[in-house]
1. Greater than 27 Å separation of Cα atoms is the criterion. Which listed pairs, Lys50/Lys79; Lys28/Lys105; Lys50/Lys105; Lys105/Lys168; Lys79/Lys159; Lys13/Lys105, meet it?
2. Order of 81-87, 157-163 by packing, highest average Cβ count within 10 Å first?
3. If you count the DSSP beta bridges with both ends in the chain, what percent of them are antiparallel, to the nearest 5?
4. Could you look at the range 125-203 and say what percent of its accessible area is carbon and sulfur, using a 1.4 Å probe and all protein chains?
5. Once Rh for the range 169-214 is found with the Kirkwood sum over Cα pairs, what is the Stokes-Einstein diffusion coefficient at 37 °C and 0.692 mPa s, in µm²/s?
6. Jot down the radius of gyration and Dmax of the range 5-132, Cα atoms only, both in angstrom.
7. Let me check the size of the range 3-71 from its C-alpha atoms; what are the radius of gyration and Dmax in Å?
8. Given a Förster distance of 30 angstrom, what is the FRET efficiency for Lys159 paired with Ile197, based on the Cβ-Cβ distance and rounded to 0.05?
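The values are calculated or read from the model by the stated rules, or taken from the named source; none is laboratory data. This one's a predicted model, so the numbers in the text were calculated from it and none came from an experiment. Counting neighbours? That spans all protein chains shown, and the Cβs are built from the backbone with ideal geometry, glycine included. Side chains included, ligands, DNA and RNA excluded: accessible areas come from the protein's heavy atoms. Shrake-Rupley method; radii C 1.70, N 1.55, O 1.52, S 1.80 Å.
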Amino acid sequence: MNIVLLGPPGAGKGTQGERLAARLGVPKIATGDVLRAAVKNGTPLGLEAKAAMDRGDLVPDAVIMGIMKEALAAPDAAKGAILDGVVRTTPQADGLADTLAQLGKQVDAVLLFEIDEEELVRRLSGRTTCDACQRPFFGRQPGETCSEGGVTGTLVRRKDDEPEAIRKRMQVYRDQTSPVIDWYVQHGANLVRINAIGSLDEVEARMNAALGIS
Ligand code: AMP
């Protein structure tokens, strides 16, 4: 199953995507995680993406398509993948459809995480992220240690979780990513709206119920 997770930054796509991937035994592909790792390692990809990411802007579609194609062609994605934040523009939605079609596959479901903006700003401005495993934490401070991902990391405040970048990301979501919702509706996708307000377990239960895997 190839499942696209859509929704504004901070809606919980990463955390729920990880749970869903474990449940279905498929990898989670998150372009944001790939890009942050590239920035941390100072690779050419990271150098190209860093400035746009820090501002809260999108990186170019061509860069995303490269990451997407490579990840989907990897052997571990043969049975499907959870695509977290991978589709943020309509050209990317087109590109994903083409890439999957070439592999004899399709997008099987689109989960749209819905949440109001006030709650998002509250969540993102209190978030720290492990620089090793990328897990988000709320109520823990930058500099604290994380050992949850099997490797020891340090909690950092993502540059794009600063107030100005948060506002920018919301605007980018409204302008460039929300048209992707209509794109999927017009292309007859199996698009399901998930109420993303509530505890992690509550949202997970709604997601599983929507997919018929509860
Ligand atoms: P995320 O971790 O999903 O919030 O992504 C962090 C940042 O990475 C975004 O604000 C963008 O700058 C960049 N990014 C991640 N995925 C994409 C994408 N599909 N298209 C464009 N930029 C992306």
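1. Working: Lys50/Lys79 32 Å; Lys28/Lys105 17 Å; Lys50/Lys105 32 Å; Lys105/Lys168 34 Å; Lys79/Lys159 35 Å; Lys13/Lys105 22 Å.
With Cα atoms farther than 27 Å apart: Lys50/Lys79; Lys50/Lys105; Lys105/Lys168; Lys79/Lys159.
2. 81-87, 157-163
3. Working: 7 of 23 bridges.
Roughly 30 percent of the beta bridges in the chain run antiparallel, per DSSP.
4. Details: 2100 of 4470 Å².
The C+S portion of the solvent-accessible surface of the range 125-203 is 47 percent.
5. The Stokes-Einstein estimate is 267 µm²/s.
6. For the range 5-132, the Cα radius of gyration and maximum Cα-Cα distance read 14.7, 42 Å.
7. Cα radius of gyration and Dmax of the range 3-71 are 12.8, 35 Å respectively.
8. Working: r = 26 Å, r/R0 = 0.88.
Approximately 0.70, to the nearest 0.05.
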